[in-house]
1. On the given criteria, is residue 204 assigned by TED's automatic domain parsing to the domain that holds residue 533 and surrounded by fewer than 18 Cβ atoms within 10 Å (Cβ to Cβ)?
2. Anything in the range 342-354 that is buried (at least 24 other Cβ atoms within 10 Å of the Cβ) and either among the charged types (D, E, K, R) or touching a helix residue (DSSP H, G or I) at 6+ places or on another chain (Cβ under 8 Å) (or both)? List them, or say none.
3. In the range 464-545, which strands (runs of 3 or more DSSP E) lie fully inside it and hold 1 or more residues that are on the phi > 0 side of the Ramachandran plot?
4. Give the number of residues within the range 353-402 that are acidic (Asp, Glu) and closer than 30 Å to residue 313 by Cα.
5. Out of everything in the range 69-85 that is crowded, with 20+ Cβ neighbours inside 10 Å and within 20 Å of the chain's Cα centre (by Cα), what residue ends up being farthest from residue 327 (Cα to Cα)?
6. Being within 28 Å of residue 523 (Cβ to Cβ), aromatic (Phe, Trp, Tyr) and touching a residue at least 24 places away in the same chain (Cβ under 8 Å), is that true of even one residue in the range 245-264?
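The values are calculated or read from the model by the stated rules, or taken from the named source; none is laboratory data. Note that the structure is a prediction, hence the values are computed from the model and not measured. Cβ sites come from the backbone with ideal geometry, for glycine too, and all protein chains shown count toward neighbours.
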Amino acid sequence: MTRSLVRRTLGIASSVGAGALVALGCLRATATAEGVPLATQPPATPRLVVMITVDQLRGDYLTTWESQLNHGLARMMKGAFFSYAFQDHAITETAPGHASVLSGRFPASTGIIKNSIGVVDRNFRLLGGANEAGASPLRFEGTTLYDWLSAKDRRSRAFSVSAKDRGAILPIGRARQDVYWYSGSGVFTTSTYYRDTLPTWVQEFNARGLPFTYAGKEWRLSRPESFYKEPDTVQYEGRGRDNVFPHRLPDSEAAAASLLRPTPAMDSITALFALEGLRRTQLGLGPQTDVMAVSFSASDYVGHAYGPDSREVHENLLRLDETIGWFLDSLFRLRDPRTVIVALTSDHGVSPIPELARDRGEATGDQGLRVSLDAVAEQTRAALRSAGVDPDAFTYEPGLVELDRRLIGSARLNADSILNAFAKAAREVRGVARVDRLSAIRRADFALDPIARRWAHQVPDGAGIDLVITLTRYSYWGASIVATHGSPYDQDALVPILFYGPGVKPGRYTTFARTVDIGVTLAALVGARPLERLDGRVLMDAIAR
């Protein structure tokens, strides 16, 4: 039975059905078999909110391949679909994006302004044999939808899972609830921030060893090659290695489990774990409203390795459509669909591979370059060192510059002169579009300058950031990755927003929407009151009145 699931999820067969779940013992074929009677009348308030975040699902993917989607994504698109929606901040990365989805607040408010200021926390070790660094949500500031529901009814609970620690942790903020993520050692784990030991059901799920069964298996195309318009022999994809179907996982079980993430199988196992968690925790049975957050990460790993224009990204989206399809089918066997609201979005988009964008003529002039300001930053540090100042008074990382004005002042140096000199030199580097003082960003006309608006949404007052740097369109910081995201341009910010379920008004909406609007719209649908001032607004088009 397990071997059958392996074949399906890697693309050896053409579909994945709920039967695969039953075969693994993750759930029964019907809800009533689990003793979960379907309500004869839907409750006045939904009992479960399911937040699906697809990592690196660029906003145009759903419409580009809409005619080929027949399962879960197609089902969600029959609800309220906002196609002109954005992660409306500048550093479009995984941690800031996940932190904004259910908090209703931009990174400037959540404190999660970049991946490196995310969830890694060595004070809280991982459980169950996971060998990565510890993690916690302690850098997250404020509240989320779960907190608002808990304030309304203390019986409310939350469950969150992802292949990534930040994808699992940040959607529910600081709440000490059921939060799990995948470890490269082949198990789902959590940290001691949440509990001292893994629950029995998680240990039992890990004991099945599903990731290890993929050793030596291949990710193959699910359709005939003529189905795909994308070439499968692009030299830039995968850095020229393993960039043609089929993609074979190592024969070593440990290596296969570690390298499972950039295949559709990762999302399939995440969905199985989520459904098992729903069943074993009894989430969503009411009378209170609970939250389940599921972040599917394979698309991000695939996109980074092969780029958004690859056959791999196309095939992975078809697989994701199938996975979300049987996930929803199984969810609605376990819980009355009249009691469940489902939302779906992404944490960010993605830019084309710079070299490919230049070859195709999409990037011209100073666009589509690999950029480094390390030499400019080192010149600034050397000047400080010569002046007898600790060079650490100047902090640079791609996109951000911070100056320790106390140390600069004590040496009788002019901080503004140092910043101006760095900015002037940086602007002369090919691929740099603009270098802005954060103080000037906040005075900009946001309607006419969306780049400034997104930077203002990114960095909080008092963060100590002096300069923010924006590259030209399609340009990347450094050369260490095939394809990536993180810019304030639309290709990295555009994401879909979808709502499905009771109280939702179906339709296609082209009104401007932001992911910070998701949490507050869900709160309106379930009758919860936010506990603080939010950046988002209710998307009234999505609500049946």
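1. Against the criterion (assigned by TED's automatic domain parsing to the domain that holds residue 533 and surrounded by fewer than 18 Cβ atoms within 10 Å (Cβ to Cβ)), residue 204 does not qualify.
2. 342, 343, 344, 345, 346, 347, 348, 349, 350, 351, 353
3. The strands (runs of 3 or more DSSP E) meeting that bar are 507-509.
4. 5
5. By that ranking, first place goes to 85.
6. The answer is no, given that none of the residues of the range 245-264 is within 28 Å of residue 523 (Cβ to Cβ), aromatic (Phe, Trp, Tyr) and touching a residue at least 24 places away in the same chain (Cβ under 8 Å).
One line per residue, one yes/no per condition, for (1) at pLDDT below 95; (2) in the same structural domain as residue 235 (by TED's automatic domain parsing); (3) not basic (Lys, Arg):
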{"residue": "483", "(1), (2), (3)": "no, no, yes"}
{"residue": "497", "(1), (2), (3)": "no, yes, yes"}
{"residue": "504", "(1), (2), (3)": "no, yes, yes"}
{"residue": "508", "(1), (2), (3)": "no, yes, no"}
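Table: residues versus (1) among the small types (Gly, Ala, Ser); (2) at pLDDT below 95; (3) closer than 11 Å to residue 162 by Cα.
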site	(1), (2), (3)
254	yes, no, no
260	no, no, no
271	yes, no, yes
281	no, no, no
290	no, no, no
303	yes, no, no
